[in-house]
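Nothing in this text is a laboratory measurement; each read-out follows from the coordinates by a stated rule. The shown structure was predicted, so the numbers you read here are calculated from the model rather than taken from an experiment. When we count neighbours, we look across all protein chains shown, and the Cβ atoms used for this are built from the backbone with ideal geometry, even at glycine.
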Ligand code: GLV
Ligand code: MG
């Protein structure tokens, strides 16, 4: 194990210092675009004003014969578009693929200075993080980058879930984790062809009695999201729900995003433009909740003691819960003028 005093040292001479705390950024959705498609690339300057994070996807979904075009398209996009406060991320191919090394070296050489985060798929254990961590430090030094490129790991294999705690504490370069329900379902041999969301056969049946027995669909991802959220929170990282593949079911998407939000996730992937607004709605706190949370903070200005508000007991712990909600609302208000008016600050 690395000694504590070495943990925050740059891994290459000339590489920037790793962050001790993640930069504070609102990241309600990571919007995926296929950079091999010129028609979609042309829409990116408009999309950048709509989304919190824009990600060029080089991995699954890009045909093998378009991998190099996608990488070049991403570089072209990073060079030509002004991203401003919107995060620029790339999902590279997995470390076991023939494309990953060139993805990293070519992108870092061409547009490393514009890039915020590399999303790394199919992370199995801390060794995957250590490999990319070292390589990025060498490239940061080589290209004299002044800010560290962060790594966001996708949790999408059974081995990765088994190792989630050690993955989350592997490096100060980590930004967060996303649940990848499609690959994870395949890796675990779950019997579903859906990309995220529930399944009508995964349910609890009410006791037998008179009449039809009620059936309640359960959340297939609850256990994994819980483990991911704890691993992230304990290490100061950000947890995300990943993709919801049924674009014809916005309500299902919203319900899945909301479960993740309530469990502690800060955002989700949007694979279709219609999911951007869903993510904004879900991952910006409800104005009524914010107003109530503000009353809790006001009732206990120093965060200690006890109070009764509308018949509900408040104490130091609920003050901390309220602060989570109000702090998030302040970040939303600062970034998203359309929502700022909904919160009474
Ligand atoms: C995402 O990459 C997934 O496999 O769900
Ligand atoms: Mg995947």
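A few remarks follow.
- Distance between the modelled labels on residue 235 and residue 199, one decimal in nanometres: 2.8 nm (7 Å Cα→Cβ projection).
- Rounded tilt (10° steps) of 100-111 against the dominant C-alpha axis of the chain: 80 degrees
- Net length available on complete extension from residue 17 to residue 158 is 47.5 nm, with 0.36 nm assigned per residue and the Cα-Cα distance removed.
- Separation of the residue 1 and residue 72 label points, Cα + 7 Å toward Cβ, nm: 4.8 nm
- FRET E, pair residue 147, residue 189, Förster distance 35 Å, beta-carbon r, rounded to 0.05: 0.30
- The stretch between residue 50 and residue 8, if pulled fully straight at 0.36 nm per residue, gains 11.7 nm over its current Cα-Cα span.
- Each part reduced to its alpha carbon centroid, the range 277-345 and the range 78-150 end up 36 Å apart.
- Note on residue 330 and residue 306: the extension gain reaches 6.2 nm, defined as 0.36 nm multiplied by sequence separation minus the Cα-Cα distance.
- Axis of helix 287-299 versus longest Cα principal axis of the chain: the two differ by about 70°, to the nearest ten degrees.
- Theoretical FRET efficiency, 1/(1+(r/R0)^6), r = Cβ-Cβ of residue 138 and residue 345, R0 35 Å, to 0.05: 0.20
- Cα pair distances in the chain, grouped into 20 Å bins until the bin that holds the longest one, percent each: 28, 57, 15, 1
- Cβ-Cβ distance of residue 323 and residue 39, R₀ of 35 Å, FRET efficiency by 1/(1 + (r/R0)^6): the value works out to about 0.20.
- Distance between the C-alpha centres of the range 43-64 and the range 188-205: 28 Å, rounded to the whole angstrom.
- From least to most packed, judged by other beta carbons within 10 angstrom and beginning with the fewest, 257, 83 follow the order 83, 257.
- Distance in nm between pseudo-label sites at residue 165 and residue 64 (7 Å out along the Cβ direction from Cα): 4.0 nm
- Cα long-axis angle, helix 126-142 against the chain (0 to 90 degrees, to the nearest 10): 50 degrees
- Among beta bridges from DSSP that stay inside the chain, the antiparallel ones total about 20%.
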